[in-house]
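Each value in this text was obtained by applying a stated rule to the coordinates, not by laboratory testing. The model shown is predicted, which means the values in this text are computed figures rather than measured ones. So basically every Cβ, Gly included, is an ideal-geometry build from the backbone, and we count neighbours across all protein chains shown.
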């Protein structure tokens, strides 16, 4: 059975996995570590604004939430063939996705893939364990692309704050974020 609803669940993609899909690794940069850093920062920022947040890894028990966000960075066998992308399961989530894309596109200078462009985005496994009114899977950029890696790495905490600010608007808050 589901636990009591939680306002926000933040999932760090691949966190806790030791086999199977453990995330991309490129030039010593491990996606799972990046996901964890960003997810922790999002949760910390939301909590500082008074928004109750639960942080989870890749494997989680059944949960109910108002909003769930899964944090990922992309990796591609053909380097620099991907970029930021977003997945979601329903129309309510799509509205939040559009808000996120509007915010992130102001800063992210690389390619955006179509929404739900892979089965992993459109049918993300956690849609079935984290039952959220709005659920986004955020691929924040391709860490296997040197140009994107150089841009992303020093901005991970700023990206986390932008994610948190986007979520906060769903709770009637409008925090200022200085991305530059």
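Under 12 Å from a label point 7 Å along Cα→Cβ of residue 76: give me every residue in the range 109-127 with its amide N that close. Answer for the range 109-127: 110-114. Where does the Debye-calculated log10 I(q)/I(0) of the chain sit at q = 0.10 Å⁻¹, using only Cα point scatterers of equal weight, no solvent? Summing over Cα pairs of the chain leads to -0.34. Beta bridges assigned by DSSP with both partners in the chain are antiparallel in approximately 20 percent of cases.
Over the chain, dividing the summed -39,500 (n - 2.57) contributions of all DSSP H runs of at least 4 residues by the number of residues returns a 222 nm mean residue ellipticity of -10000 deg cm²/dmol.
Residues considered: 77, 58, 43. Largest GNM mean-square fluctuation over the chain, using C-alpha springs under 10 Å, is found at 77. Extending 7 Å from the Cα toward the beta-carbon at both residue 106 and residue 29 defines two label points whose distance is 2.4 nm.
Its residue count N fixes a reference of 2.2 N^0.38 Å for the range 77-180, and the Cα radius of gyration divided by that reference is 1.08.
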